[in-house]
Every structure is written in C-alpha cells, then in structure tokens.
Amino acid sequence: MRNRKLLWSIVGAVVVVLLGGGGIAIAVSRGSHASPAAAPSSPPSPSASPSPSPSPTPSPTEQPGSDITGPLDLVLLGVDTRVTIPDWEPHSDTIMLLHVEPGLKKAYLYSLPRDLRVKMPAFAKAGFGGGTYKLTEAMSRGSKLPGSKQHSVEQGYQLLLRTLTAYTGIKEFQAGAILNFGGLEALVNKLGGIDMTVDEKVKSHHRRPDGTFRTLVPGGGDYSGPQATYLPGKRHFIGWQAIDYARQRYGLPNGDYDRTRHQRQLVRAILGKAMDQGLAADPGKLRGVITALGKSLVYVGGRTPLEYAYALRNLQPAGITLVGLPGSGVGSGGGYLGEKLTAEGKGFLTAVANRQVGPYLAAHPSLVNK
C-alpha cells in the first residue's frame with residue numbers, strides 16, 4: 001500500500017468543494033465552540049476565544065498524529081466571500097459534513113440545505129440576539145463587528161458551528177482549512193482536470209460554453225447569452241467546468257439537493273485523481289499544488305495538517321460513502337421560509353451523533369447516493 005502520509009493535506013484542499021458565490025472553506029476547530037486559528041499567512045481573527053488545549057507531545061518513536069483514532073466530524077463550508085465587494089457579508093452557501101468512523105478507514109460525506117430553517121443561539125460578539133433563520137445566514141449574522149462596517153469570516157464561523165452543534169447533536173468538530181473559489185479551480189487544473197459521470201443534464205446559470213461569464217441583465221437577478229451545458233455521461237472537466245457544473249441548482253429537478261449531490265461527487269473525483277497521481281505520497285508534488293493555491297488556502301485547527309495526514313493515511317476515496325439527506329420546503333401564508341429535513345434525514349444526524357451510522361444506513365439504504 002502506498003504511503004499516504006500527506007492525505008489530510010489533500011482532503012483539506014479538496015474535501016470542501018463547497019461552491020458558494022465566491023469562496024470555499026473547511027471550517028474546522030478543535031472543539032465546537034473554539035475559534036479557528038489562522039495560519040501565519042492569514043490575518044488574525046478580530047475576535048479571540050479560549051485557546052484549545054495543547055496537542056499531546058508524541059514520543060520520539062511515534063509519528064505525529066498517531067494518537068488520533070477517531071471518530072472525527074469535520075464541518076465543510078462553501079462561503080460566499082465576494083472579496084471584490086467592500087464590506088460584503090460572508091454567506092455559507094453550501095454546508096458539507098464529513099464523519100470519519102473510528103479506525104479512520106471509512107467516512108460519510110453529507111450535506112445540509114443552505115436554506116435549512118434552524119434556531120441560532122444568541123451571539124454577543126456580533127450583537128446578535130438569536131432566533132430562527134436559514135442556515136446560510138449564520139455566517140453573515142455572526143460575522144458582524146459592532147461599530148464597524150467590516151466582517152469577520154472566522155467569527156461568523158463560530159456562530160455557524162454553534163448552530164450546527166445545536167441542530168445536529170454532534171458535540172465536537174475537528175480539523176480544517178479555508179480555500180477560496182479560485183483556489184479550487186487552480187487545484188483541479190493542477191491535477192490535469194478530473195473525470196466525472198454527469199448524472200443529469202445541467203445548464204449553467206453563470207458561464208458560456210467557452211468558459212467566459214454570461215452577461216448580467218441590467219438591474220441584476222439573472223444572466224443572458226449562451227449557456228454551458230453538461231450532458232449525462234462520463235466527462236473530463238478542467239477547473240472552471242468542474243466548479244461550474246457542481247455549483248448549479250437552477251433548473252434542476254430537485255434544486256439545491258441535486259447541487260449538493262454533484263458537489264459530493266466532485267469531492268470524491270478530486271480525491272481519486274490525487275490518489276491516482278500519487279500526490280498524497282509525494283511531498284514534492286504536494287508542495288507544487290500548495291504553491292499553485294497560494295494564499296487561497298489557509299489552514300485552521302487545533303492539530304497540524306501533517307498530524308491529520310498521518311492519521312487519515314488509510315482513508316481511500318472508495319471508503320467515503322456519499323449520503324443525501326431528503327427534505328422539503330417550509331412556508332407560511334403562501335411564502336417560502338426555507339427547508340426542513342424529513343424525519344429520515346434528521347434521523348441520520350441522530351445516528352451520527354450516537355455513532356450508529358452503519359446500522360442506520362443499512363435500515364435506510366435510499367439515503368446512499370449510488
């Protein structure tokens with residue numbers, strides 16, 4: 001078996017194909033209420049919270065990370081940063097979660113609807129009093145800095161994490177990185193593109209067939225001009241195509257539920273390509289990818305990427321089960337308020353929190369994406 005000592009660095013760069021309007025993030029902390037620690041190349045978070053407890057110091061004969069045995073729960077966020085717009089409030093347009101079983105050889109990747117109606121706790125740092133809103137709003141409501149027009153993505157993450165903890169019942173989340181939208185495209189191109197099986201016809205809301213952006217209709221809200229179209233079958237995608245395909249929801253039979261399924265497929269395709277190229281076993285190749293990503297990739301978390309890399313060295317793409325959680329719209333007085341998971345979908349979250357994922361999926365096989 002090839003040495004996959006650096007696998008988590010790959011996971012940190014790609015398991016978050018969370019394709020919002022402008023950015024991608026794996027928001028991860030050591031505990032469910034900890035503040036993410038910025039990497040040296042990233043500006044420090046404007047807000048501070050208690051520092052995580054120091055990592056155990058391995059003995060000289062131990063590999064760093066050998067004490068990490070699982071289970072692990074990672075929060076993967078697609079954040080709409082729109083950094084070109086001054087004082088833009090970040091939104092988590094896509095929320096993926098990765099549950100890794102004890103032994104770290106089997107994992108489950110699933111998504112929560114961006115418009116999921118959830119109760120958000122009060123968050124004094126942002127002057128937020130709490131309430132019931134769409135999950136996508138947690139980042140923006142938590143990111144506000146009272147008395148300033150600026151926003152803190154890290155602070156917004158803290159509120160989102162607390163909201164997820166309350167909704168899912170999962171008490172602790174670990175490990176992560178922040179990767180912006182352009183960084184993911186660079187990653188796919190660095191890998192020489194990826195191969196995917198398109199499972200339904202998808203027309204792009206954002207791109208023309210040649211990859212250029214469609215023209216925004218005066219007044220905003222829609223675009224005009226030819227559309228890139230992705231037909232069912234096996235396809236080879238370069239960076240912009242892979243990202244464009246996986247971020248579409250308009251015109252799909254199940255809207256955002258179809259989009260999140262495509263994103264989970266994209267995650268596994270990128271991991272598979274990285275493995276095929278031996279990237280996880282070759283530090284030189286990996287450094288080339290990290291260099292290509294540049295400042296678009298920032299690590300956050302209580303343990304180092306190499307510790308998780310070693311811990312997850314045996315996690316194969318084939319060991320990641322893609323899970324789709326069904327839901328439906330919620331309305332009031334004829335107006336749309338958001339989404340809610342079905343009892344079956346919510347039951348999966350309870351199974352994750354209680355470490356009973358395998359038995360639950362055995363009893364509910366329709367949740368597994370084929």
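Taking 17 Å as the straight-line reach from the Cα of LYS203, the aspartates and glutamates in range (excluding those fewer than 8 positions away in the same chain) are ASP222, ASP244, ASP256, ASP258.
Can you tell me the alpha carbon radius of gyration of the range 187-259 divided by the globular rule-of-thumb value 2.2 N^0.38 Å? Before the final figure, lay out each step's value.
Working: Rg = 12.7 Å, N = 73, 2.2 N^0.38 = 11.2 Å.
The reported ratio for this selection is 1.13.
Sorting HIS151, HIS364 from the fewest to the most surrounding beta carbons within 10 angstrom yields HIS364, HIS151. Put simply, the Cα atoms of the range 94-231 extend 50, 47, 27 Å along their principal axes, the longest span coming first.
Each reported figure results from applying straightforward, stated rules to the coordinates on display, with no laboratory input. Being a predicted model, the structure only gives us computed values, none of them experimental. Glycine gets a Cβ as well: all are built from the backbone with ideal geometry, and neighbour counts include every protein chain shown.
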